[in-house]
Amino acid sequence: MISIKTYRATSVTHDLGGNEQESKPFIFQYVVRDTDLDLTLGVFTIDDDGTAEEIKAKAEACKAKYEAEPWSSPFVKYREILLAGHGGAMRLGRLALSLYNGRVFPMDAGDLGGLDKHYLEIAIELIRSYHQFGENDRDFLAVCDDIKKSWEVGQYAESEALSEAD
């Protein structure tokens with residue numbers, strides 16, 4: 001289910017002239033969430049995105065977009081490619097792990113230059129998704145765990161084959 005949560009600051013008092021005053025809550029942020037996926041789909045703040053009316057309209061548009069076309073993680077969509085152990089697919093897997101933990105799994109951005117057009121489009125989609133959802137995308141984390149496991153198995157098999165050759 002897609003929901004919009006409103007975060008309000010303390011009441012703001014406006015002087016209407018004379019002794020008359022008006023006190024209204026000051027809406028400063030709308031957060032659009034997919035409660036089923038436990039995922040934040042959009043955050044709209046007055047300071048960043050416009051007036052209260054403008055950010056409410058943006059939040060409603062975001063909600064309508066995801067209700068009409070539910071979000072699906074590209075890390076699930078391209079899971080089989082990310083786990084494939086060949087050329088461009090392996091670079092995409094390395095990209096996913098680098099997004100997951102760039103210190104442990106560093107990647108030279110120049111490696112993306114060797115991707116064909118289709119794989120480059122996938123790389124861009126993965127980066128955009130990570131930029132928007134980060135590690136809040138549980139599917140991203142699960143696929144990265146699967147990539148790590150498949151690489152560990154591959155390295156183990158490779159070292160076993162080398163041992164048998166000796």
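Look at region 63-91: where a residue is touching a residue at least 60 places away in the same chain (Cβ under 8 Å) and a partner is surrounded by fewer than 18 Cβ atoms within 10 Å (Cβ to Cβ) and of a type in the set (Val, Ile, Thr), sitting 6+ places away or on another chain with Cβ atoms under 7 Å, you get LYS63/ILE4.
Every residue, every condition in (1) at pLDDT 90 or above; (2) over 17 Å from LEU39 (Cα atoms), yes or no:
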site	(1), (2)
SER73	yes, no
LYS117	yes, yes
ILE122	yes, yes
ASN136	no, no
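When VAL104 is tested against (1) aliphatic (A, V, I, L, M); (2) closer than 14 Å to ILE147 by Cβ; (3) assigned to a helix (DSSP H, G or I), only condition (3) is not met.
The condition of being part of a helix (DSSP H, G or I), modelled with pLDDT under 90 and surrounded by fewer than 14 Cβ atoms within 10 Å (Cβ to Cβ) holds for only one of GLY85, GLY154, that being GLY154. Summed over region 107-137, the residues that are in a loop (DSSP other than H, G, I, E, B) and farther than 18 Å from SER72 by Cα give a count of 4. Would you mention how many residues in region 59-82 are surrounded by fewer than 17 Cβ atoms within 10 Å (Cβ to Cβ) and assigned to a loop (DSSP other than H, G, I, E, B)? Going through region 59-82 one residue at a time, the tally reaches 4.
The values are calculated or read from the model by the stated rules, or taken from the named source; none is laboratory data. Computed from a predicted structure; not experimentally measured. Note that each Cβ is placed from the backbone with ideal geometry, even for glycine, and that neighbours are counted across all protein chains shown.
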